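Accompanying notes for the structure given below.
Just so you know, all these numbers are worked out from the coordinates, no wet-lab data involved. Just so it is clear, the structure is predicted and the values come from calculations on it, not from any experiment. Cβ coordinates were reconstructed from backbone atoms using ideal geometry, including for glycine residues, and neighbour counts include every protein chain displayed.
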Amino acid sequence: MSIRMKIIFLGVLIGCLIGCQQRSSEIVGGTPGTLKFGNEALADLAVVLHRVNGSSVEQVGFGRTNGAGEFQLVVQGREEPLQLPPGDYVATLESLGPPIVFPKEYCIAEKSVLKVQWTGSSERLNLEAPEKLLAPLKSM
């Protein structure tokens, strides 16, 4: 391999390593939130937020829960924090880890029972779902 090829290869390798490192770092600065099932929390859930406009909903962002149920909102489709503006929202849930099947009222925005009226005056977006949703997981 020529010296020129080695330099090009090294440049590409360094670029890939830097790019991968930036993507894997956590995006901070979005509106923080917590998802609890009674007193329980689950990691690796996507909390997807949809803004309610009359009878329609628009997906605006999401957050990934950690083991304590905490997340930070990120702009949908971009790698940047989402500071949630005041308004009416619904949340839906998706598993990013083990397969968890939630009832449709937690998965479909138009049917979601996880409703939020966000004024922006709170420090956190707190979502509460019934603990009974975790019952199938506890029997595993």
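Taking 7 Å along the Cα-to-C-beta vector as the label spot, tell me the residue 134-residue 115 distance in nanometres, rounded to one decimal.
2.6 nm
Give me the mean projected area, in nm² to one decimal, of the convex hull enclosing the Cα positions of segment 32-126.
Quarter of the Cα hull surface area: 6.1 nm².
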